[in-house]
1. Based on this model, can you work out whether residue 110 counts as among the small types (Gly, Ala, Ser), surrounded by 15 or more Cβ atoms within 10 Å (Cβ to Cβ) and either at positive phi or in contact (Cβ under 8 Å) with a residue 60 or more places away in the chain (or both)?
2. Answer yes or no: is there a residue in the stretch 89-105 that is out of contact with any Leu (no Cβ under 8 Å at 6 or more places or on another chain), closer than 22 Å to residue 24 by Cβ and of a type in the set (Asp, Glu).
3. When you check residue 131 against the structure, is it in a strand (DSSP E or B) and free of Cβ contacts under 8 Å to residues at least 40 places away in the same chain, yes or no?
4. Scan the stretch 43-79 residue by residue and report those that are outside any strand (DSSP E or B), over 17 Å from residue 135 (Cα atoms) and either within 17 Å of the chain's Cα centre (by Cα) or of a type outside the set (Gly, Ala, Ser) (or both).
5. Of the residues that sit in the stretch 73-103 and are in contact with an Asp or Glu (Cβ under 7 Å, 6 or more places away or on another chain) and surrounded by 11 or more Cβ atoms within 10 Å (Cβ to Cβ), which one is farthest from residue 44 (Cα to Cα)?
6. Anything in the stretch 40-63 that is among the hydroxyl-bearing types (Ser, Thr, Tyr) and over 16 Å from residue 99 (Cα atoms)? List them, or say none.
7. Every residue in the stretch 97-112 that is within 13 Å of the chain's Cα centre (by Cα) and of a type in the set (A, V, I, L, M), please.
8. Within the stretch 113-127, count every residue that is surrounded by 11 or more Cβ atoms within 10 Å (Cβ to Cβ), in a loop (DSSP other than H, G, I, E, B) and either without any contact (Cβ under 8 Å) to a residue 24 or more places away in the chain or under 11 Å from the mean Cα position of the chain (by Cα) (or both).
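Derivation of every value follows stated rules applied to the coordinates shown; laboratory data play no part. Keep in mind it's a predicted model, so treat the numbers as computed, not measured. FYI the Cβ positions are ideal-geometry reconstructions off the backbone, even for glycines, and counts take in every protein chain you see.
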Amino acid sequence: MRIFIVSALLVACLANIPLEQYQTGESCEKSAKFNITSVTIDPFPPGNSDQYTVVMTGTFLSKETVEQIYIGQRKNKEKWHYTYQTINKEYPKGTTETYTISLQAPAIKGPYTDQITLHKSDFTTLSCWQYNYVI
């Protein structure tokens, strides 16, 4: 049976059939109102001062208005540094949305954690995604 599985994987690779893509990172919001279903970071991990893109897709579990996307970054366990993008858009329940965020990696070597959160106008968090990398 093992030989069959290994053979099937080898054939799939040689036939250039894409295998399942694994997500980078994890949810950091226990009661999210925006259920994140896919996150792709390209390139990952980003290199020193690289431009990279985060594509995050999910579904709204209730009618919500997204005011801003916050991008938090910290080196080691130091203070968070935040930037944001204003969205100011209302979404009906069940809406699937994809957000594309262009970022620049830090220039200073070390381990980093980035968090991407969707917020309402009262700063309530709708979702959070976090990932780690080393420059």
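1. In short, no.
2. Yes: the stretch 89-105 contains one or more residues that are out of contact with any Leu (no Cβ under 8 Å at 6 or more places or on another chain), closer than 22 Å to residue 24 by Cβ and of a type in the set (Asp, Glu).
3. no
4. 61, 63, 79
5. Among those residues, the one meeting the criterion is 91.
6. Matches in the stretch 40-63: 49, 62.
7. Passing the criteria: 101, 103.
8. 1
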